[in-house]
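The values are calculated or read from the model by the stated rules, or taken from the named source; none is laboratory data. Keep in mind the model is a prediction, meaning the values are calculated, not measured. Counting neighbours? That spans all protein chains shown, and the Cβs are built from the backbone with ideal geometry, glycine included. Surface areas here come from the heavy atoms of the whole protein model, side chains and all, with no ligands, DNA or RNA. Shrake-Rupley method; radii C 1.70, N 1.55, O 1.52, S 1.80 Å.
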Amino acid sequence: MPFKSASTRHKKIAGDFGEILTLYLLSKYGFETAKIDHTGIDILAFDKKNKKRLGISVKTRTRSEKLPDAGVGVRGEEYNKIKNACEFFEAEPWISFVVDKPIENKIFCFLMSLETLNKYYPKFRKNKGYSWSMRNTRIDKYKADNDIFFVEFSYRNDRWIGVTH
């Protein structure tokens, strides 16, 4: 089924979904988590095994048929807000990218430290920041990296309310 235009609230709903999905995955693997409303980070997580506190910013995007491989941007000011918030909470700065690629019927979640993000994109551009590539060749590299927690969901949507074939 071709991807149709989303609702007017889709950006907010997608953001909430990304945060809840990240919380779910962390909780499932033993982290104590809390969704917070703080400039720079959306989640505080505690790794009981390694005794580490993580401050996590979640970036969620739905890609279109026109730009199915478009990256997920992190502007310079957002990057600095993540780091600053983590200083307040004495937490390691982390980021979660949740990306829906409807043309492939897949949802991806990548969770990593900002240190790992810097490994992929060492030339941080102060004004432009980063763009986390969603090209399949890059996704394959991310999957092979042990420093990136990676989950991929596949889904079917053969029919939907109000859609005719």
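Given only helices, namely DSSP H runs of n ≥ 4 each adding -39500 (n - 2.57), what is the per-residue ellipticity at 222 nm of the chain, to the nearest 500 deg cm²/dmol? Write down the numbers at each step before the final one.
Working: 4 runs with 48 residues, N = 165.
Helix-only estimate at 222 nm: -9000 deg cm²/dmol.
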Carbon-plus-sulfur fraction of the accessible area of the range 11-105, 1.4 Å probe, in percent? 51 percent
Treating only the Cβ of Lys, Arg, Asp and Glu as charged (+1, +1, -1, -1), what charge dipole size does the chain show about its Cα centre? Round to the nearest 20 debye. 400 debye
Please identify which residues in the range 73-98 have an amide N closer than 16 Å to a label point set 7 Å out from the Cα of residue 36, following the Cα→Cβ vector. 80-96
Most fluctuating residue of 34, 70, 45 in a GNM of the chain with Cα springs under 10 Å: which is it? 34
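Take the Cα gyration tensor of the chain, multiply each eigenvalue by 5, square-root it, and list the three semi-axes largest first, rounded to whole angstrom. Present the calculation step by step, with values, prior to reporting the outcome.
Working: eigenvalues 151, 65, 50 Å².
The three semi-axes for the chain are 27, 18, 16 Å.
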Need one number: nm distance between label points at residue 16 and residue 92, each 7 Å from Cα along Cα→Cβ, rounded to one decimal. 3.1 nm
What number comes out for accessible area per residue over the range 16-135 if the probe is 1.4 Å? Units Å², please. 53 Å²
With 0.36 nm assigned to each residue of separation and the Cα-Cα distance removed, residue 6 to residue 103 gains 33.5 nm
Just want the answer: with Cβ charges of +1 for Lys and Arg and -1 for Asp and Glu, which residue in 67, 137, 39 is farthest toward the dipole's positive end in the chain? 67
